[in-house]
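Trainee: This is the structure I have questions about; it appears just below.
Coordinate-derived values only; no laboratory data. Only a predicted model underlies this, so the values are computations on that prediction, with no experimental measurement involved. Cβ placement follows ideal geometry from the backbone for every residue including glycine, while neighbour counts extend to all protein chains displayed.
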Amino acid sequence: MTRHRSGQEIASARRTLELQLPRRAVLTVAGLVLGLGTAQPATAFLQVPDESSPASGTSQVVAQGVVDIPDGDIRWEIAERSAPPANTSASRSDPGFLIVDSGVLLAESVATGEQQRLPSGEAMLTVGGVEELRAALGPDPAVYLSLSLVDADAPAPADGDAQFTSEPFPGPGARHDLDLVRDALAPEGTMTIPAGALPTLVLVLDGVAEVTGETGDVFSLGAGEAVSLTGPLVITATENGASVIAAYTGPAVTQLAAGATPVPARRVIESPGTPTPNAAEVLPVATATATQTAAERADDDNDGLTNAAEDEAGTDPSLADTDEDGLTDGEESVETGTSPLSADTDSDGVLDGDEVAQGTDPLGGLGGAPDAEGSAAEETPATEPVPADAVVTAGDSDGDGLEDAIEIELGTDPVDPDTDDDGATDGDEYYVSQTGTRNPDTDGDGVVDGDEIANGTDPNDPGSS
């Protein structure tokens, strides 16, 4: 006979803190949410994890990766989010996972332009401190759950979003493997999870399951309910079966490039007659290395400069482009040699980012300013000519409707209105059709995006062509 523990027994065993959150339907099941927080021992992160995969039997690892987990007190948090069917402002991710409930979610890295397309039921790893754009593909919003390791002092999600918040536990301040394990349990079926380096987060998606902890305490969870527990766990479905996921923290992972050569402090673009910047203008640069701690490697705005370097240089560690010239602080300090505190380093009236995009020298006053004799200085030609029929506006060199600063962030060509040559301009792909600006066939159906748009088919749906 299955043993059930009452709330009073659980409290007396000092294993959980029951937190009743606003009831709200989640996922595709008609479940109500009940958050169960579990107080954790102060030495939880010192446990030696099982080195084999946490998946066994019929369970599968559906998302996985190595992430930096901060030190200090952290907690597991589950929140329901909704991405609109349009481009939104960038949001900073926490280490953990996303699970799409309905719709199709497109997640795009602001720094690299890398995209992940997630239909309903799919999941992905999220890395802490990365700025992402998340939008729905199609006319309807995409609804998803975020399972995140967050700072214990961080504000809780809005009442309408909050699903579960665990009790705080100490973070390791190291790189660890994270695995999202999923199983569809038959009636009375079981799923075992080994002891992890941190408490394991268990969420029931459908049905009812009982989670047995290392002390023998049993927690009965319905659809949409979660618990966070240390030690090995046994999850057993009741007579109707259950669908369950578990976020498991694996062993610490050593970075292989411990002896890697640091990135040069800066690279100055030189041209004939261009003076070297004054010593007072050279900003100190610190780049992250494998031997630094997680705190020392922290780069909150993901611009290539650590927070410590930004504090020393006077730039904003929460803003990737402090002077808003279209180049990140890291690009200016490490690559172009321009000032991350001045939008127009050579004071020629052209923004540094525009000069880099056009192929002119942002340090030599060659962006159109008069030379010493008062005549206009000759500009270095762009790598590709701007089409004659393009309407060129300030900050949009190729007239494709997408600002140069955004193109630089996405990795598209600011002087080519159609970077991937699919017949749709970069601006239309980014703002209208929400297709890949660097992928000519976003849905992989063999028909390029421009032809699908012209034919009236959906370039994000391989079944519509």
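Trainee: Sticking with the crude label model, points 7 Å out along Cα→Cβ, report the distance from D451 to A154 in nm, one decimal please.
Mentor: So the two model labels end up 4.4 nm from each other.
Trainee: What is the distance in Å between the Cα centres of the stretch 413-433 and the stretch 114-139?
Mentor: So the two Cα centres are separated by 21 Å.
Trainee: Can you list the GluC sites (Glu not before Pro) in the stretch 51-95 that are in a DSSP coil and have 10 or fewer other beta carbons within 10 angstrom?
Mentor: Sites meeting the loop and neighbour criteria: E51.
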